[in-house]
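Colleague: Please find one structure pasted underneath; my questions will follow.
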Amino acid sequence: MTRAQIDAFFRVFAEQWGGKGIVLLTGAAAASIWGHVRPSVDIDFAVQLKRRGRSVWGKLEDAIDRTVRLTGIQANYAEDIDRWGLITLLDYRRHTRPYRRFGPLEVRLLDPAYWSIGKMTRYLDPDVRDMIQVFKRQNVAADHLARLWGRALKRSPRSTALSQFRRQVEHFLRSHGRAVWGREFAPERALRRFYKEAGITPL
């Protein structure tokens, strides 16, 4: 997914929709705008509308369906992307960055740290590579991430996803931390911050 493809999608979407709205871009598409481009067949985003209701949402779905057909780019979208995973994205709507306007449609990027919660939850190889590149390019601090991931874990509903998320955070910091933050990075220090925010007493 390239910036040109992303812009083309939202330019057509703005034309098809014709109304006001805010898009919060996440996933590989957001990563590509931050400078890390890898093959991706779809675009992920949240949609915020001033007018709400089934009829409005139905018109939005129709506009996105037409946009998908016209651009050939698949779309995954929701009113609240926090429902996509068992680990909460916390107050993600308050942590975005402006990208571009397409007529009355405003497109914003999910902050890289909040964006990473979804990546850490899924934790496939492409997600790990995305995080490494985005954290380096955007100078995301390890302490900030450790605290944020800890808060997300603590505030998520109880499920087997919690222990999996914890293991994935531990693996990322220990196995990839120095690739992001350099040889002086101390993974156990970052993990202590993570455990503290999550309310975990490590064995």
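Colleague: If you project the alpha carbons of region 114-198 onto their three principal axes, what span does each projection cover, largest first, in Å?
Modeller: The Cα atoms of region 114-198 stretch 35, 26, 19 Å along the principal axes, largest first.
Colleague: May I pose another question? Only loop residues by DSSP count here, and only those with at most 13 other Cβ atoms within 10 Å; note down the trypsin sites (Lys or Arg not before Pro) in region 147-203 that meet that.
Modeller: Here the trypsin sites (Lys or Arg not before Pro) that fit, given the DSSP loop and packing criteria, are R158, R183.
Colleague: Please report the projected area of region 18-132's Cα convex hull averaged over all directions, in nm².
Modeller: Its Cα hull, projected and averaged over all orientations, spans 7.4 nm².
Colleague: Just subtract the alpha-carbon distance of K154 and Q5 from 0.36 nm times their residue separation and send over the number in nm, one decimal. Numbers along the way, then the final one.
Modeller: Numbers: separation 149, 0.36 × 149 = 53.64 nm, distance 3.71 nm.
Extra length from K154 to Q5 when fully extended: 49.9 nm.
Colleague: Mind grabbing the base-10 log of I(q)/I(0) for the chain at q = 0.13 Å⁻¹? Debye formula, identical points on the C-alpha positions, no solvent, two decimal places.
Modeller: The Cα Debye sum returns log10 ratios of -0.72.
Colleague: Say we join alpha carbon atoms closer than 10 Å with springs in a Gaussian network model of the chain; which of T71, T88, T121 then has the biggest fluctuation?
Modeller: Top of the fluctuation ranking is T71.
Colleague: Based on alpha-carbon centroids, what's the gap between region 124-140 and region 1-79 in Å, whole number please?
Modeller: 22 Å
Colleague: Please go through region 107-192 and write out the GluC sites (Glu not before Pro) that DSSP classes as loop and that have at most 13 other C-beta atoms within 10 Å.
Modeller: Hits after loop and neighbour filter: E184.
Colleague: Would you kindly state how much longer the chain becomes between A141 and R69 on full extension, computed as 0.36 nm times their sequence separation minus their alpha carbon distance, in nm to one decimal?
Modeller: So the chain would gain 21.9 nm between A141 and R69.
FYI, it's all coordinate maths here, none of it is from the lab. Everything numeric in this text was worked out from a predicted model, so none of it was measured. Heads up, the Cβs are rebuilt from the backbone with ideal geometry, glycines too, and the neighbour counts pull from every protein chain shown.
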